[in-house]
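Read-outs: derived from the displayed coordinates by stated rules, not from any lab. Note that the coordinates shown come from a computational prediction; the quantities given were computed from them, not determined experimentally. Please note: Cβ atoms are built from the backbone with ideal geometry, for glycine as well, and neighbour counts cover all protein chains shown.
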Amino acid sequence: MDTTEIKARMNSGEIYYENAEISAEQAHYRDLLFQFNHTLPSKTAEKQEILKALLGSFGEGSYIEGPFSANWGKNTYFGKKVYANSHLTLVDDTKITIGDFVMMGPNVTLCTGTHPLPATLRKKAAQYNLPVVIEENVWLGAGVTVLPGVTIGKNSVIGAHSLVTKDIPENVIAYGSPCQVIRPLPKEE
């Protein structure tokens, strides 16, 4: 399978196997991530420029507190005024979309990459990916993990240490492992 076909499969939900060319491209983004994590916290403008080169987009007024991890970086799109606390992990082998005004506590993990269940395929390092969408004004509490293919609806709040395995609608409070909708958000006064 050539690199063009592998890249198409990476974004289609189909099983694929990485090759040396894909790994070499990924190394470029990992170098940028290394630069970000080893730039002094006081060098805010420099860190912002690295993030703009690393990520698919990095909206105005957004901020990531280091350290930060990503499989690629380039497949993640930040809206404006997004705040991510320390130890954000992006398993962004396909697209992650993070809407405007999203807040993420420390140790949040957003996963698009996964592996097939049959052991014979896993032995061959087979993988497939499903996109993750975090809509605008969502708050992900500390330690939240969002699994492949999940969308979290706008304004919703996900409680600390939740494992989000399925879509969460707009305007709710949800938590648990697996994460469940607990109640609608209270009306604003």
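Comparing 32, 117, 130 in a Gaussian network model of the chain, where Cα atoms under 10 Å apart are tied by springs, the biggest mean-square fluctuation is seen for 117.
For the residue pairs 7/52; 52/187; 7/166; 80/187; 81/187; 95/123, alpha carbon separations beyond 27 Å are given by 52/187.
Of the trypsin sites (Lys or Arg not before Pro) found in segment 100-140, the ones in coil according to DSSP and having at most 12 other Cβ atoms within 10 Å of their Cβ are 124.
Shape verdict for the chain, please, from the Cα gyration tensor: rounded (a/c under 1.5), prolate (a/b greater than b/c) or oblate. Cα axes put the chain in the oblate bin. Among beta bridges identified by DSSP and lying wholly in segment 138-187, the antiparallel ones come to about 40 percent. Does segment 1-59 classify as rounded, prolate or oblate by the C-alpha gyration tensor (a ≥ b ≥ c root eigenvalues; a/c under 1.5 gives rounded; else a/b over b/c gives prolate, otherwise oblate)? Prolate shape, in that a/c is at least 1.5 and a/b is the bigger ratio.
Using a Förster distance of 22 Å, how high is the FRET efficiency between residue 180 and residue 83, based on the Cβ-Cβ distance and rounded to 0.05?
Efficiency for this residue pair is about 0.30.
Each label was represented as a point 7 Å from its Cα along the Cα-to-Cβ direction; for residue 27 and residue 57 these points are 3.1 nm apart.
For the pair segment 144-169 and segment 1-48, the centres of their Cα atoms are 24 angstrom apart. FRET efficiency for the pair residue 17 and residue 154, taken as 1/(1 + (r/R0)^6) with r the Cβ-Cβ distance and R0 = 41 Å, rounds to 0.65.
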